[in-house]
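Trainee: Have a look at the structure that comes next, please.
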Amino acid sequence: MPAAVSAERLPRRRNRGLRKFARNKAAVAGAIIVAFAVLVALLAPWISPYDPIATSFLTVRQAPSALHWFGTDELGRDILARMIYGAQASLAAGVVSVGIAVIVGVPLGLLAGYFGRWVDAIVSRLADALLSIPFLILAIAMAAFLGASLTNAMIAIGVSAMPRFVRLARAQALTVKAEEYVEGARAIGLADTRIIVRYILPNVLPPIIVQASLTVATAIIAEASLSFLGLGQLPPLPSWGSMLNTAKDFVEQAPWMSIFPGIAIFLTVLGFNLLGDGLRDALDPREQ
C-alpha cells in the first residue's frame, strides 16, 4: 500500500510543479526566449539570409536596410547572419560548459557528502580553493593557459563553474543521508553505490537542475567575455562576444554593430535567468 501511495504522489507532484510553472508568466516568457534561441541556433543553416563569413567590400558598414536587416560590419558581412550563427557558439558554450561542471562536480559533491571524513576534506578543500578565485578571473586564466579556442573556453568555464555544483550536491547529500529511509537502506545491507544512485541522487536533482539553468546564463556571459578578449571563438567564425570586440572600434560610425549582439546576449541571459527562477519555484519541495 505505501508503495502504491508513493507511486500516485510522484505524478501528482510533477503535475503540480508543471501547473505552477505554467502560472508563472515570467518563467513562461523565459522558456519562450530560450526555446527561440535554441531554434535559431539549430536552424541556422536554413534561416540565415547570407553566409556569415562572406565578405563584400561594396557593403562595408551599411546601416540596417531591407537588404541587410541588421546592417553589415567592417568587412561587409551580414550582421544578422553572423548573429544567427553566433547563437550556436554562445549556446554551445553555455550548455557544454555547464554539462562539464555537472558531470564532474555533482559526483564529487555526492561522494563528499555521503562518505564524509577524508573524502569530504579533500573535495571540500579543492572546491574552496577554486571558489576563492572570482569566477570570471579563473575562467580567463584557464582559457589563456589552454589557448584561444571555443573548446578551451568551454573547458575553462566548466571547470570554473564546477565548485558551485560540488558545494550544492554535498549540502544536499548531507541532508538526505540523515533521512530514515537512507538509514533503513543501510540497515538491510544495500551497497553504498546503490544508495547514492537510487535514494540520494533523485533528491539532489531538482536543485541541481535549477542551478544548472541559472549557470548557463553565467556561462554565456563568460563565453562572450572570453571571445571579447580573443580567448574564445576565433575569427572569422562568429560569436556574439567577438562581434562586440570588433564593434568597439566602430561605435560612433556603425553603432548597429554593437547594439544587436548586445541585445542578443541580454535577452538570452534574461531568458535563462527567468527560466531558472521559474524552475526554482516549481521544484521547491516545500511547495509540493
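Trainee: Please give the charge dipole size of the chain, origin at the Cα centre, charges +1 on K and R Cβ atoms and -1 on D and E Cβ atoms. Round to the nearest 20 debye.
Mentor: Rounded to the nearest 20 debye, it is 1040 debye.
Trainee: Separate question: Return the whole-Å distance between the Cα centroid of segment 218-288 and the Cα centroid of segment 78-143.
Mentor: 17
Trainee: Counting only heavy atoms of the protein chains, get the accessible area per residue of the chain (1.4 Å probe) and round it to a whole Å² value.
Mentor: Computed with neighbouring chains in place, this is 52 Å² per residue.
Trainee: While we're here: Any aspartates and glutamates with Cα under 20 Å of the Lys20 Cα? List them, leaving off those in the same chain fewer than 8 positions away.
Mentor: Those aspartates and glutamates meeting the cut-off are Glu8, Asp277, Asp281, Asp284, Glu287.
Trainee: Let me ask something additional. Can you tell me the orientation of helix 2-23 relative to the chain, as the angle in degrees between its alpha-carbon axis and the longest Cα principal axis, to the nearest 10?
Mentor: That helix lies at roughly 30 degrees to the long axis.
Trainee: Take the solvent-accessible surface of the protein heavy atoms, probe 1.4 Å, and return the percent of it on the chain that carbon and sulfur atoms account for.
Mentor: Roughly 67 percent, rounded to a whole number.
Trainee: Hey, another quick one. For mean projected area of the Cα convex hull in nm², pick the label among (1) 22.4; (2) 18.1; (3) 31.8 that corresponds to the value derived from the coordinates.
Mentor: Comparing each candidate, only (2) matches the computed number.
Trainee: Still on this structure: Have a look at Thr218, Thr193, Thr151 and tell me which one the Gaussian network model of the chain (Cα, springs below 10 Å) gives the largest fluctuation.
Mentor: Judging by the Gaussian network model, the answer is Thr193.
Trainee: I've got another one for you. List, in order, the whole-Hz ³J(HN,Hα) value for each residue of segment 165-182 obtained from phi through the Karplus relation with A = 6.51, B = -1.76, C = 1.60 and θ = phi - 60°; use x for Gly and Pro.
Mentor: 3J(HN,Hα) across segment 165-182, in whole Hz: 6, 4, 5, 5, 5, 5, 4, 5, 5, 4, 6, 6, 5, 8, 6, 5, 5, 6.
Trainee: What angle, in degrees between 0 and 90 and rounded to the nearest 10, separates the Cα long axis of helix 201-228 from the longest principal axis of the Cα atoms of the chain?
Mentor: For helix 201-228, the angle is close to 20 degrees.
Trainee: Once the Cα atoms of helix 256-282 and of the chain are each reduced to a long axis, what angle between those two axes, in degrees from 0 to 90 to the nearest 10, is obtained?
Mentor: 10
Trainee: How much length, in nm to one decimal, is gained on full extension between Arg61 and Ile122, taken as 0.36 nm per residue of separation minus their Cα-Cα distance?
Mentor: Length difference between fully extended and current span is 16.5 nm.
The values are calculated or read from the model by the stated rules, or taken from the named source; none is laboratory data. Note that the structure is a prediction, hence the values are computed from the model and not measured. Positions of Cβ are generated from backbone atoms using ideal geometry, with glycine treated the same way; all protein chains shown enter the neighbour counts. Note: areas computed on protein heavy atoms with side chains; ligands, DNA, RNA excluded. Shrake-Rupley method; radii C 1.70, N 1.55, O 1.52, S 1.80 Å.
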